[in-house]
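Trainee: Here it is, the structure in full.
Values in this text are rule-based calculations from the coordinates and carry no lab data. All values reported here derive from a predicted model rather than from experimental measurement. Cβ atoms come from the backbone with ideal geometry, glycine included; neighbour counts cover every protein chain shown.
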Amino acid sequence: MGCASCLYGFSSDRPVLQAASCRRRNKWIAAREAGFRIARKQLAADFRFRRLRHEDPVVQPSGKMRPLTEEETRVMFEKVAKYIGENLQLLVDRPDGTYCFRLHNDRVYYVSEKILKLAANISGDKLVSLGTCFGKFTKTHKFRLHVTALDYLAPYAKYKVWIKPGAEQSFLYGNHVLKSGLGRITENTSQYQGVVVYSMADIPLGFGVAAKSTQDCRKVDPMAIVVFHQADIGEYVRHEETLT
């Protein structure tokens, strides 16, 4: 083994020793950077966990009633607008008082300001529901309309479908509407447009999505699906335990 002076590059083999010193320094730098990367990953994971657990605007503790975030409002309004369009504004600007939307246990409630003030006196874990449930957010942060919103969608619906008496029972059991059961459909209904389903006596039965446009409905096979089922009033019996 060489002397200390040789190890620090003072021998005749100076270029070789300098290269060895550079390699050791590079290894030390690489090890330090590796340590920094591991630390950064741990910090990032910790930040993501804390954000998901406490700060994320979508994932919030479900036991507390609160206003909708901007993103939740956008997602919900886009869903409702598929059925009533710009009439959505009429749900908020009402002459009979101030109404708003509140989130509680992942469900969105449409409630008057008067009832909201009364509900504020009840602790979140004891509050079951308030106002009218419009729907709920799924685990993937998508909004699903419930049949309980039908009374507010039907008066403002822009596109409607009327089904024959013989097709009512099938629809109320959760089935799609076939061409053979179609009575009438609003003119200029486009494909995948949200529609409210009525009986021939103008009684709202539920809502769905048009599988065919108005023009296509005139020439499709009688067994073809013309409206995809979304919700129906039969759910008050079939899903009594989960509807709030």
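Trainee: Between LEU118 and ARG238, what is 0.36 nm times their sequence separation minus the Cα-Cα distance? Round to one decimal in nm.
Mentor: Full extension from LEU118 to ARG238 adds 40.1 nm.
Trainee: Each residue of segment 66-72 in turn: what ³J(HN,Hα) in whole Hz from Karplus with 6.51, -1.76, 1.60 and θ = phi - 60°, glycine and Pro shown as x?
Mentor: Each residue of segment 66-72 in turn: 7, x, 6, 6, 4, 5, 5 Hz.
Trainee: Here is a further query. Going toward the positive end of the dipole of segment 140-244, with +1 on Lys and Arg Cβ and -1 on Asp and Glu Cβ, which of ILE233, GLN191, ALA210 do you reach last?
Mentor: GLN191
Trainee: List the lysines whose Cα lies under 17 Å from the Cα of LYS160, skipping any in the same chain that are fewer than 8 positions away.
Mentor: Here the lysines satisfying the reach criterion relative to LYS160 are LYS79, LYS82, LYS179, LYS212.
Trainee: Still on this structure, please answer the following. Through the Karplus equation 6.51 cos²θ - 1.76 cosθ + 1.60, θ set to phi - 60°, convert the phi angles of segment 75-82 into ³J(HN,Hα) values in whole Hz; use x for Gly and Pro.
Mentor: 4, 5, 5, 4, 5, 5, 5, 5
Trainee: Oh, and also: Considering amide H positions built from the backbone, and no H for Pro or chain starts, which residues 5 or more places from ALA211, or on another chain, come under 5 Å of its amide H?
Mentor: Here the answer is TYR192, VAL227, PHE228, since their amide H atoms fall under 5 Å of that of ALA211.
Trainee: For LEU178, what residues show an amide H to amide H distance below 5 Å, using hydrogens built from the backbone and excluding near sequence neighbours?
Mentor: Distant-sequence amide H within range of LEU178: VAL226.
Trainee: Just to check I understand the Karplus step: with θ = phi - 60° and J = 6.51 cos²θ - 1.76 cosθ + 1.60, what whole-Hz values come out for segment 202-219, glycine and proline as x?
Mentor: So the J values, rounded to whole Hz, are 6, 9, x, 10, x, 8, x, 10, 5, 7, 9, 6, 4, 5, 5, 5, 6, 10.
Trainee: Label segment 62-204 by shape, choosing from rounded, prolate and oblate, from the square roots a ≥ b ≥ c of the eigenvalues of the Cα gyration tensor; if a/c is under 1.5 it is rounded, and otherwise prolate applies when a/b is larger than b/c, oblate when it is not.
Mentor: Prolate shape, in that a/c is at least 1.5 and a/b is the bigger ratio.
Trainee: Applying a 10 Å radius around every beta-carbon, put 204-212, 129-137 in order of their mean neighbour count, most first.
Mentor: Ranking the peptides 204-212, 129-137 by packing returns 204-212, 129-137.
Trainee: Please give, to one decimal in nm, the separation of the simple spin-label points placed at LYS164 and LYS64, each 7 Å out from Cα toward the Cβ.
Mentor: A separation of 5.6 nm, rounded to one decimal place.
Trainee: What is segment 151-223 by shape, rounded, prolate or oblate, if you read a ≥ b ≥ c off the alpha carbon gyration tensor as root eigenvalues and call it rounded for a/c under 1.5, prolate for a/b larger than b/c, and oblate otherwise?
Mentor: Verdict is oblate for segment 151-223.
Trainee: What is the local net charge at THR189, summed over the other residues whose Cβ is closer than 13 Å to its Cβ (Lys, Arg +1; Asp, Glu -1)?
Mentor: Combined, the nearby Lys, Arg, Asp and Glu give +4.
Trainee: Grab the beta carbon distance between LYS139 and THR186, set R0 = 25 Å, and tell me the FRET efficiency rounded to 0.05.
Mentor: 0.15
Trainee: Can I ask one more? Could you tell me the calculated FRET efficiency between ASP216 and VAL128, based on Cβ-Cβ distance and R0 = 51 angstrom, to the nearest 0.05?
Mentor: 0.70
Trainee: Compute, for segment 92-222, the length of the dipole vector about the Cα centre, with Cβ point charges of +1 (Lys, Arg) and -1 (Asp, Glu) only. Units Debye, rounded to 20.
Mentor: 280 debye
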